Amino acid sequence: MSHLFPRHTKANLPTAVGGDGCYLIDSTGKRYFDGSGGAAVSCLGHSDAAVIAAVQQQVGQLAFAHTGFMTSEPAEALADLLIANAPGDLDRVYFVSGGSEATEAAIKLARQYFLEKGEPERRHLIARRQSYHGNTLGALAAGGNAWRRQQFDPLLIGVSHIAPCYEYVDRAQGESSFDYGQRAANELEAEILRLGPETVMAFMAEPVVGATSGAVPAVEGYFKRIREICDKYGVLLILDEVMCGMGRTGHLFACDADGVAPDILCIAKGLGAGYQPIGAMLCSRQIYETIEGGSGFFQHGHTYIGHPVATAAGLAVVSQMLERDLVARCAAMGDRLQSALQERFGQHPNIGDIRGRGLFRGIELVRDRDSKTPFDPSLGLAAKIKKAAFEAGLICYPMSGTRDGRNGDHILLAPPFIISEDQIAEVVDKLDVAITQSL
Ligand code: PLP
């Protein structure tokens, strides 16, 4: 009997023993196409020779140096490479070990920034419903996913939640996409005014919503309006690109497509591509200079921040993306995946929406297409599809989301950027089998 404490204690999961390109292999030799990149992690596939070599080289040269005493070459090089390609005036990179750590650090940086700036009354964070920002207590409080928060609610800091930008569900009949986006964004202004502008420190959002909604981008103009509102009231804009960043949407940073730059940007998953656990928080020059000119110390150290092997992996991943033009490939293959999904499922009576950007795609399942009525959550449709797909040799990411009192099921796809045309066909075929078996 194993002494491992697994995530699902009642599930008897296979043991992964190998990775080969876009496939994972279990101990019986069965191959699974990794159609969700785990959870949007594996962007280069599971056997990238350059990243493996970089990790091996770094661990042989320098495995660890505590950042309280020393910095390291790969951490400095990766920070420079990220900033050279980052939007707006993002200027500094704080490395952490994953996504929750990145969003948690962002919340604390926002608070410390205003303290050092002499605005201690700024303490409120605003985020959105149907969002996920991580599982540590601060990050969980920021997220709006009721199911994930439920049992820990008494431990969570107060965060205000406004509506997400979810056109398929919330755009009114006769309303243009643009007008809907402005209306959704204006909820932020209303909430800032309700709380008192001088008390609000930051607004946090995912540019393309991942786990809770299934690759939902905002409509044109939404994030520009959000940026305007943040600027008007001196509120920091924190974008959580933990899932949708690092090339996944066909842009190195997802917010590039929205034409906005945040004050703080969180990345993780695709940064290490699964070769090492790593995340990062990028912040503007102004924020950095406020801390540098004040206490000179961000009060948020973790032992493994800026880990040499993790940053060496990140450096190799980003270098591969740039050298092999994989972000453009992701955009092109993403268009093909969208067309293939549209062709197969576009008229399906139980598929209401197929959406996303790049190789970050979502399929919304509905009981009735015309009324957009979701399936009864007691059917456990998402779990059934996940199981049927897995049996067919496809890893995808179906989720039952809880939306403002409504329930719904969606499937998230986020395959590696190296996916081929034949493999797109394989994903669609296997997904078709899983959906047909589960309905
Ligand atoms: N933020 C977003 C948007 C995510 O999708 C996730 C994870 O799925 C996180 C934060 C948390 O990241 P991690 O699981 O690496 O802690």
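The values are calculated or read from the model by the stated rules, or taken from the named source; none is laboratory data. These numbers were taken from a predicted model, which means no experiment stands behind them. Cβ placement follows ideal geometry from the backbone for every residue including glycine, while neighbour counts extend to all protein chains displayed.
Can you find a residue in region 67-83 that is assigned by TED's automatic domain parsing to the domain that holds VAL318, free of Cβ contacts under 8 Å to residues at least 12 places away in the same chain and closer than 24 Å to LEU359 by Cβ? Within region 67-83, not a single residue is assigned by TED's automatic domain parsing to the domain that holds VAL318, free of Cβ contacts under 8 Å to residues at least 12 places away in the same chain and closer than 24 Å to LEU359 by Cβ.
Please determine whether any residue of region 9-19 is surrounded by 14 or more Cβ atoms within 10 Å (Cβ to Cβ) and under 21 Å from ALA268 (Cα atoms). The answer is yes, given that some residue of region 9-19 is surrounded by 14 or more Cβ atoms within 10 Å (Cβ to Cβ) and under 21 Å from ALA268 (Cα atoms). Among the candidates ASP353, ASP370, the residue that is surrounded by fewer than 23 Cβ atoms within 10 Å (Cβ to Cβ), charged (D, E, K, R) and in a loop (DSSP other than H, G, I, E, B) is uniquely ASP370. You will find that of PRO416, PRO398, the residue that is touching a strand residue (DSSP E or B) at 6+ places or on another chain (Cβ under 8 Å) and part of a strand (DSSP E or B) is PRO398 and no other.
Candidates GLY144, GLY99: the one that is crowded, with 23+ Cβ neighbours inside 10 Å, on the phi < 0 side of the Ramachandran plot, modelled with pLDDT under 95 and within 16 Å of the ligand (Cβ to nearest atom) is GLY144. In this entry, ARG248 is excluded by the filter for residues that are more than 12 Å from the ligand (Cβ to nearest atom) and under 21 Å from PRO87 (Cβ atoms). For region 259-273, which residues satisfy the criterion of being buried (at least 24 other Cβ atoms within 10 Å of the Cβ) and more than 15 Å from the ligand (Cβ to nearest atom)? The answer is ASP263, and nothing else.
Scoring ILE229 on the criteria (1) of a type in the set (A, V, I, L, M); (2) within 16 Å of the ligand (Cβ to nearest atom); (3) over 30 Å from ILE305 (Cβ atoms); (4) in contact with a Leu (Cβ under 9 Å, 6 or more places away or on another chain) leaves a single failure, condition (2). Within region 33-48, can one find any residue that is more than 30 Å from VAL427 (Cα to Cα), surrounded by 15 or more Cβ atoms within 10 Å (Cβ to Cβ) and modelled with pLDDT of 95 or more? No, region 33-48 contains no residue that is more than 30 Å from VAL427 (Cα to Cα), surrounded by 15 or more Cβ atoms within 10 Å (Cβ to Cβ) and modelled with pLDDT of 95 or more.
Taking the conditions (1) touching a Pro at 6+ places or on another chain (Cβ under 7 Å); (2) away from the ligand (no atom under 16 Å from the Cβ) in turn, ALA172 satisfies each one other than (1).
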